[in-house]
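Engineer: Structure in structure tokens, see below.
Since every read-out is calculated from the coordinates, none of them should be taken as a lab result. None of these values were measured; they are calculated from a predicted model. Methodologically, a virtual Cβ is constructed for each residue, glycine included, from the backbone with ideal geometry; neighbour enumeration extends over all protein chains shown.
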Amino acid sequence: MALLDIFIFYGMVGLFIVSFLSSLIPIPTEAVVFGLLGAGGDSGIIFIILTLGSILGAFLGYLIGKHGLTKLIQSYKNKEKQEQTNRYFLKYGAFLLLVSPWIPFVCNLAPVVAGIQNYDSKRFLIIISIANIIKCFAIVYLSITIIDWWTLFMK
């Protein structure tokens, strides 16, 4: 919890860093959002920064998969298995990317897999942006609702 307190202490910069990193490694952003909103932060700005950090972090994961891991993995995969995986990802990749922000650990791996599979970068950005906008809106909205509910019963 001390790490999350550091992110809350640094405010919006901390929120951006934790949202960016949470797309690469499993770090919960919800506690930072809750802390910033509880401290009186602007929900609109928090939503924008959270969304932007999440999208940019996912895109970095995509680039790591596309330019870094592709060469490594291709040397270990046989061609038939690689083509089968490519067809599967082309068929179900959009759905996987759309739901991936909601699934722990998958949210970190799906962009990397999309990069490895050479998924179209424009399509990736559109789908991952939609998914992250929905998730970030839900996080901010639910945090506000919980804070309002909590303060109602604390009076």
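Engineer: Give me the angle, in degrees from 0 to 90, between the Cα long axis of helix 121-154 and the longest principal axis of the Cα atoms of the chain, rounded to the nearest 10.
Structural biologist: 20 degrees
Engineer: Okay, moving on. Which angle between 0 and 90 degrees, to the nearest 10, do you get for helix 79-99 versus the longest principal axis of the chain when only C-alpha atoms count?
Structural biologist: For 79-99 against the chain, the angle is about 20 degrees.
Engineer: Something else: Rounded to the nearest 20 Debye, what is the dipole magnitude of the chain about its Cα centre when Lys and Arg each give +1 and Asp and Glu each give -1 at the C-beta? Display every interim value, and only then the final one.
Structural biologist: Values: 11 positive and 7 negative charges, 147 e Å.
So the dipole magnitude of the chain works out to roughly 700 debye.
Engineer: Can you give me the angle between helix 43-63 and the longest principal axis of the chain, using Cα atoms only, in degrees from 0 to 90, rounded to the nearest 10?
Structural biologist: 20 degrees
Engineer: Which residue, 137, 56, 125, has the largest displacement toward the positive end of the dipole of the stretch 2-154 when charges sit on each Cβ (Lys, Arg +1; Asp, Glu -1)?
Structural biologist: Looking along the dipole axis, the top candidate is 125.
Engineer: Roughly what percent of Cα-Cα pairs across the chain reach past 24 Å? Display every interim value, and only then the final one.
Structural biologist: Values: 4561 of 11935 pairs.
That tail contains 38 percent of the Cα-Cα pairs.
Engineer: Please work out how many pairs of lysine residues in the stretch 2-154 are eight or more positions apart (or on different chains) and have Cα atoms closer than 18 angstrom. Before the final figure, lay out the partial values.
Structural biologist: Working: 66/77; 66/79; 66/81; 66/122; 71/79; 71/81; 81/91; 91/122.
For the stretch 2-154, qualifying lysine pairs total 8.
Engineer: Using helices alone, what [θ] at 222 nm do you get for the chain, with -39,500 (n - 2.57) per DSSP H run of 4 or more residues, divided over all residues and rounded to the nearest 500?
Structural biologist: It comes out at -26000 deg cm²/dmol, rounded to the nearest 500.
Engineer: Please compute the contact order of the chain in relative form: average sequence separation of alpha-carbon pairs under 8 Å and at least six residues apart, divided by the residue count, as a percent.
Structural biologist: Numbers: 169 pairs, mean separation 45.2, N = 155.
Contact order relative to length: 29 percent.
Engineer: A further question follows. State the Cα centre-to-centre distance between the stretch 78-155 and the stretch 8-36 in whole Å.
Structural biologist: Using only Cα atoms to place each centre, the spacing works out to 17 Å.
Engineer: I'd like the FRET efficiency for residue 120 and residue 13, computed as 1/(1 + (r/R0)^6) with the beta carbon distance as r and R0 of 35 Å, rounded to 0.05.
Structural biologist: On the way: r = 32 Å, r/R0 = 0.92.
It comes to 0.60.
Engineer: Then there is this: Report the net charge of residues surrounding residue 129, where surrounding means a beta-carbon distance below 12 angstrom and charges are Lys +1, Arg +1, Asp -1, Glu -1. Let's see the in-between values first.
Structural biologist: Numbers: positive: 122, 123, 135; negative: none.
Summing Lys/Arg as +1 and Asp/Glu as -1 gives +3.
Engineer: Between residue 129 and residue 99, what FRET efficiency follows from the Cβ-Cβ distance if R0 is 22 Å, with the result rounded to 0.05? Walk me through the numbers before you get to the answer.
Structural biologist: Values: r = 14 Å, r/R0 = 0.65.
Taking R0 as 22 Å, the efficiency between residue 129 and residue 99 is 0.95.
Engineer: For the residue pair residue 42 and residue 84, what label-to-label distance in nm results when each label sits 7 Å from Cα along the Cα-to-beta-carbon direction?
Structural biologist: Roughly 5.3 nm, to one decimal.
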